[in-house]
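Student: I'd like to ask you about the structure that follows.
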Amino acid sequence: MAGMRSGLVIMTALLLSDSVVLAQQAGKPCASDIKTLCVGIQHGEGRIKGCIKSHLTDLSPTCEDRVLTVAVTGKVCKADVSNLCAGIVPGAGGIRACIKSHMAEVSDSCKNAMAQTAAGKKILGRGDF
């Protein structure tokens, strides 16, 4: 609860200081990844999503955590988790580690969902952000 409060205080302070861009970035864990990995890529027509999709193994820990949450909790990736991580007991990060180690084998629809989340768009299904 205290962490949530401090996050709101920081966000409010940034908004009040006219730093709207900084405030938006504070709430987007993949913003710096997009700036770094997708430099020169124009927004629109799914180009950012495509860029992030091609760099899913190069993400920062914060952004990676966000996209792996989608993989582990989202309906879109449910079959991937079942197929690639059968027998792994949920909890303690085992499924996240499994999906991360099998990123090359993850289905295109699951990779799309992860990239879409990293690009700041909501997806349908459990685990929406």
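Student: Ordering VAL76, VAL67, VAL81 by how much accessible area each has at a 1.4 Å probe, largest first, what is the list?
Tutor: Numbers: VAL76 60, VAL67 0, VAL81 25 Å².
Listed by decreasing accessible area, they come as VAL76, VAL81, VAL67.
Student: In square nanometres, what is the average projected area of the Cα convex hull of region 73-122?
Tutor: Reported value for the Cα convex hull: 3.5 nm².
Student: Given points 7 Å out from each Cα along the Cα-Cβ axis, report the LYS100 to SER54 separation in nanometres with one decimal.
Tutor: Once both label points are built, they end up 2.5 nm from each other.
Student: Then there's this: Under a 5 Å amide H to amide H cut-off, with H placed in plane at 1.01 Å, what residues pair with ILE88 once short-range neighbours are removed?
Tutor: Amide H neighbours of ILE88: none.
Student: Mind checking region 30-129 for GluC sites (Glu not before Pro) that DSSP puts in a loop (not H, G, I, E or B) and that have at most 14 other Cβ atoms within 10 Å?
Tutor: Counting only loop positions with at most 14 other Cβ atoms within 10 Å, the GluC sites (Glu not before Pro) in region 30-129 are GLU45.
Student: Averaging over all projection directions, find the projected area of the Cα convex hull of region 39-129 and quote it in nm² with one decimal place.
Tutor: 5.7 nm²
The values are calculated or read from the model by the stated rules, or taken from the named source; none is laboratory data. Values in this document were obtained by computation on a predicted structure and should not be read as measured data. Note that we place each Cβ from the backbone using ideal geometry, even for glycine, and neighbour counts take in every protein chain shown. Protein only, heavy atoms only, side chains kept; ligands, DNA and RNA dropped before computing areas. Shrake-Rupley method; radii C 1.70, N 1.55, O 1.52, S 1.80 Å.
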